[in-house]
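Chemist: One structure coming up, written as structure tokens, with questions to follow.
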Amino acid sequence: MLPTSVEFWAIIQIIVDLCLIVLFIVFVRQVKVLSDRSGASGTEHITDTLEPVLRDAQEVAGQFEVQLKEKQNIVRRLNEHLDSRIISLNLLLNRAEASLASGGSEATRHKEKDVCHLQQEIITLSETGLSSEKIANRLGIAKGEVSLVLGLRKRFQEMDQA
């Protein structure tokens with residue numbers, strides 16, 4: 001008969017565990033030996049493959065950054081140009097509305113003034129401390145036009161500071 005005692009099964013379990021431990025140690029040593037042999041050449045091969053790729057990626061990232069900065073500058077210049085056009089168009093629109101409201105007598109007087117010159121006069125008078133109503137009276141233009149120019153100037157200054 002086969003012994004079925006607990007001691008017998010414990011001894012069998014210990015023998016199986018020892019065999020597994022020995023097999024594991026042998027396996028680990030073989031893996032280590034194989035990795036030492038092929039590890040150096042494999043690592044060099046991977047490094048040689050990845051270095052050019054990383055270098056190219058870095059160059060592309062640098063070029064992308066330069067192009068992004070150029071595009072930001074272009075967009076900033078376009079925004080400034082569009083804002084100045086908007087100011088000019090708003091001034092012309094306000095002037096036309098004012099001339100329609102006054103019956104055209106002021107329209108002939110304002111045709112002689114250049115839009116940029118008028119904007120500069122408004123800014124200069126504002127810097128001297130005059131209110132927008134006094135500036136409008138002195139230049140003979142609508143108060144809304146003066147407020148528009150001063151508001152846009154303030155916005156440009158805030159954009160320049162940011």
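Read-outs: derived from the displayed coordinates by stated rules, not from any lab. Given the structure is predicted, the values throughout are model-derived calculations rather than measurements. Neighbour counts are summed over all protein chains in view; Cβ atoms, including those assigned to glycine, are modelled from backbone coordinates with ideal geometry.
Chemist: Take each of the peptides 25-33, 85-93, average the number of other beta-carbon atoms within 10 Å over its residues, and list them starting from the highest.
Modeler: 85-93, 25-33
Chemist: Please report how far the C-alpha centroid of segment 48-79 lies from that of segment 139-153, rounded to the nearest whole angstrom.
Modeler: Result: 43 Å between the Cα centres.
Chemist: Could you rank the peptides 135-144, 8-17 by their average count of other C-beta atoms within 10 Å per residue, with the highest value first? Before the final figure, lay out the partial values.
Modeler: Values: 135-144: 17.1, 8-17: 10.4.
The packing order, highest mean first, is 135-144, 8-17.
Chemist: Starting from the alpha-carbon convex hull of the chain, give the projected area averaged over all orientations, in nm².
Modeler: Working: hull surface 103.2 nm².
Computing the convex hull of the Cα atoms and averaging its projections yields 25.8 nm².
Chemist: Need one number: nm distance between label points at GLN161 and ILE25, each 7 Å from Cα along Cα→Cβ, rounded to one decimal.
Modeler: 7.7 nm
Chemist: If you take the beta carbon distance between ILE86 and LYS134 as r and set R0 to 25 Å, what does 1/(1 + (r/R0)^6) give as a FRET efficiency, to the nearest 0.05? Intermediate results must be reported in sequence, preceding the final value.
Modeler: Numbers: r = 25 Å, r/R0 = 1.00.
That pair, ILE86 with LYS134, gives E of 0.50.
Chemist: Among LEU82, LEU125, LEU23, which one shows the highest mean-square fluctuation when the chain is modelled as a Gaussian network with alpha-carbon springs under 10 Å?
Modeler: LEU23
Chemist: Sort 48-56, 151-159 for me by packing, meaning the mean count of neighbouring Cβ atoms within 10 Å per residue, highest on top.
Modeler: Numbers: 48-56: 9.6, 151-159: 12.2.
Order by mean packing, descending: 151-159, 48-56.
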